Structures are given as structure tokens and as C-alpha cells.
Amino acid sequence: MRFRSALLCAGICATAAFAALGVQAQEPASYPHDMSDYGCTNKDENACDTAPAPPPDYIPLVGTWVRYSLLRNGFSVQPPDAPLYVKFMKDGYWSMMEFPANRPKVNKPLEQQTTKELFSRFDKMGGGWGNYSNSGQVNFRHHKAGLGPGGGENTQERAWRFEGNVLVLEGSGPTKSPQIHARKLPNQKLGSTELVGSWERTAYTVNGAAGTTTPEHLLLGEDGWYHATTLPAGRKGVPKVPAEQWTPQQYAAAYTGMSASRGTYNVQGTTFVRRHIADTDPNLEDKLSSGSFALKGDTFTWTGTDAAGQKFSATYTRMKPFDVYAPFRAGGPGRGAEAPAGPARGQ
């Protein structure tokens, strides 16, 4: 009798404890015991022939990757091409950049530099940003803008797979060209994840005066790496001559107002700091942009000193997340197209 009483008390106490817990937390969902038909839209001989998409919280491409090998039609072209860094965000945005290391640090306005100096700065530089979709093991990278002028929006289709920890991206054509091999960069510890996500700059002042109205698109990964691009619209197309023959005026028309950087960042308390490991302006490489920020909902304001030593204030708004598993519209803009030709290209 004493044992039965103890069991009864345990059951009543457990029920009471669960009821108390229910006040604090929503009761978990209930599902059928047999879920073998979950996500099945059509059955053929008792087998489901349409498997559900992977859950949106698992995207194997998420992270920051460095390309260490590039093949075109079976031939290696890296080097002379510079390593490319591509970043995939959980919220469906991506960015990529390739800047050769050790470019001359000519610290003059573009229009005051010589053709030789400008060619040294922009040769073999490329990149862009946009959003992306995944369908099975095919990645559709929607380009919204590139570092180089002209070209417009396009979409690149790349099959993806892993060889151990190495990410392989390859073209959809019969030769599977181009093909890249990339390694993931090491995670950087963040003091706070408050600012993780993809942001668009909506207001900007430099040294107290209004700055460019071109929005900066800032991708802050949970891995502690960032990509930032400021890409003016309406820049003139690439001249139909080799880049080493462009005039300073043509370079200025193509690249004035454009900027991009990538590197590491940290958020601690109300301080946000980012290190420009690579930058379209080599004078800014390894410099810091640092200041205090105030976050309110999906907007934050950042005030401090940029990598060039200028005082700035910038307001950013979080971009609407993009569903990477939404069906890709077949025949979309420039499906399978290569990036625009010219000195600003990338894969």
C-alpha cells in the first residue's frame, strides 16, 4: 500500500509540474506515430517519389570559403587569377570577392592616377553580391550587382558537392566548367551575435557631410567574417579594348564610387569593429573601422571612425530573409550565364 501511494504521489506531482511548466512554455506539437508519408505528393507502387526539401535551418554552403583551385575546361587558371572568397549567409544572401594581394598603394583619386597605376589596382579583381537558391545539390547564385560596370543582373548555376571538407562548385555544361575547390575559413569568436545577418545602409554621413547615397550591403556572418559592397548603378559598360589600354577617364567612370571589403569583425557590448583584411582600395587593407552602435528592432546606427580615418555615422536596416529553398523559376534571368567580361569577373 505504501508503494502504491508513492507511485500515485509521483504521478500527481509530475502532472502538477508539467501544468506549471505549461504556463511558461508552449506545449510541443503532436504528430502521428507513422510519418513515412510526410512531404509525399505522389506515390508510385507504395513509394513516395518526391522527397521533401531539406529543412531551412540546415544549409551546408553557409560560411565563408576561400577558393584555392580554379579550372576552366580542365586547365588550371589560379594563378594567375587571385584567390576568391565567397560567403553564403543563412538568410539567403551571398557575396564574393577576389583581389590580388600586394597591389601598389597609390593614394590618389582615380582620375589623378595613370593608366598603369589603375591597371595594377583593378586587374584580376572581381566579385559581386545577391541572393541564392538551392535545389537539391544545385546552387543558383542570383547576381544583383558586380564590382565591375555593365553586365546587369544574371544567375549562375553551379552543382555543389563535398570532397571531405572541401567544397566543390562546378558549371552545369557538359565540361562542368568552371570548377572550383574551396576551403572554409576558421570561425572567429564573437562577443555578441546581435548584428549577425544581412544589412543595407540607408543613411550615411562622413565628417559631418552627407555621404554617398549608394547603399552598402553588409553581410555579417555568425562565423565572425564580413563582406561589404557599395556598387553604384548605371556605371558605363566595359570598353571594348584590353584593360591595360583604358584611359584614366574610363577607369574613373567604371569604378568611382565603388568600394568593397572583406575581413573579420567583432561586436562587444555597444562596440562594433571590422578589420579590412582585403579592400578594393589597397591603402585600407588591415585597417579598422570602429565605433559604437545602437540597435532598435531591425535597424542599427553605427558611429565612429572608418578605415580611412574619417568620422562617420551610418544607419543600416536588416534585409528581408530570402528563402533559399523556394522553387527556382526555370529560365530566369541569365540562367547559367557567366559573370560580365572585363577586369571585374569572378566565379
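Any read-out appearing in this document is the output of simple, stated calculations on the displayed coordinates, not a laboratory observation. Since the structure is predicted, the reported quantities are computational estimates derived from the model, not experimental observations. Heads up, the Cβs are rebuilt from the backbone with ideal geometry, glycines too, and the neighbour counts pull from every protein chain shown.
Rounded, prolate or oblate: pick one for region 190-245, where a ≥ b ≥ c are the square roots of the eigenvalues of its C-alpha gyration tensor, a/c under 1.5 means rounded, and failing that, prolate if a/b is larger than b/c, else oblate. Oblate is the answer for region 190-245, as a/c is 1.5 or above yet b/c matches or exceeds a/b. Remark: region 239-311 carries a charge dipole of roughly 180 debye about the Cα centre, counting +1 on each Lys and Arg Cβ and -1 on each Asp and Glu Cβ.
Say the cut-off is 29 Å between C-alpha atoms; which of LYS240/LYS311; LYS124/LYS236; LYS105/LYS320; LYS105/LYS176; LYS240/LYS320 go over it? Beyond 29 Å between Cα atoms: LYS240/LYS311; LYS105/LYS320; LYS105/LYS176; LYS240/LYS320.
Here the label points at THR193 and THR303, each 7 Å from Cα along the C-beta direction, are separated by 3.0 nm in the simple model.
Taken about its Cα centre, region 95-219 carries a charge dipole of roughly 360 debye when the Cβ of each Lys and Arg holds +1 and the Cβ of each Asp and Glu holds -1. Going by a ≥ b ≥ c, the root eigenvalues of the Cα gyration tensor, does region 280-326 fall in the rounded group (a/c under 1.5), the prolate group (a/b larger than b/c) or the oblate group? Judged from the Cα gyration tensor, region 280-326 comes out oblate (a/c at least 1.5, b/c at or above a/b). Spacing of the modelled spin labels on LYS176 and LYS311, each 7 Å from Cα toward Cβ, amounts to 5.7 nm.
Each Cα pair of region 219-295 feeds into the Kirkwood radius, which the Stokes-Einstein equation turns, at 20 °C and 1.002 mPa s, into a diffusion coefficient of 147 µm²/s.
Length gained on full extension, GLU153 to ALA47: 34.1 nm, using 0.36 nm per residue less the C-alpha separation. Kindly identify region 111-247 as rounded, prolate or oblate by the Cα gyration tensor criterion: order the square roots of the eigenvalues as a ≥ b ≥ c, call it rounded if a/c is under 1.5, otherwise compare a/b with b/c, prolate if a/b is larger, else oblate. Oblate, because a/c is 1.5 or more while a/b does not exceed b/c.
What full-extension length gain, to one decimal in nm, is calculated for THR270 and ARG161 as 0.36 nm per residue of separation minus the Cα-Cα distance?
Separation in residues times 0.36 nm, less the Cα-Cα distance, equals 35.3 nm.
A simple count of charges around GLY208, restricted to other residues whose Cβ falls under 15 Å of its Cβ and scoring Lys, Arg +1 and Asp, Glu -1, yields 0. Remark: region 199-216, residue by residue, has Karplus-estimated 3J(HN,Hα) of 10, 10, 6, 10, 8, 7, 10, 10, 6, x, 10, 4, x, 4, 8, 5, x, 8 Hz, where x stands for each Gly or Pro and the curve is 6.51 cos²θ - 1.76 cosθ + 1.60 at θ = phi - 60°. Using the Cβ-Cβ distance between VAL206 and ASN102 with R0 set to 30 Å, the FRET efficiency from 1/(1 + (r/R0)^6) comes to roughly 0.60. One chain, two ends: ASN283 and LYS144. Fully extended at 0.36 nm per residue, the span grows by 47.3 nm beyond their Cα-Cα distance.
Taken over region 69-169, the convex hull of the Cα atoms encloses 150 Å³ per residue.
Wrap a convex hull around the Cα atoms of region 132-201, take a quarter of its surface area, and give that in square nanometres.
The Cα convex hull of region 132-201, projected and averaged over all directions, gives 7.5 nm².
Shown in residue order for region 297-311 are the 3J(HN,Hα) couplings computed by the Karplus curve 6.51 cos²θ - 1.76 cosθ + 1.60 at θ = phi - 60°: x, 9, 9, 9, 10, 10, 10, x, 10, 8, 5, 8, x, 8, 7 Hz (x for Gly and Pro).
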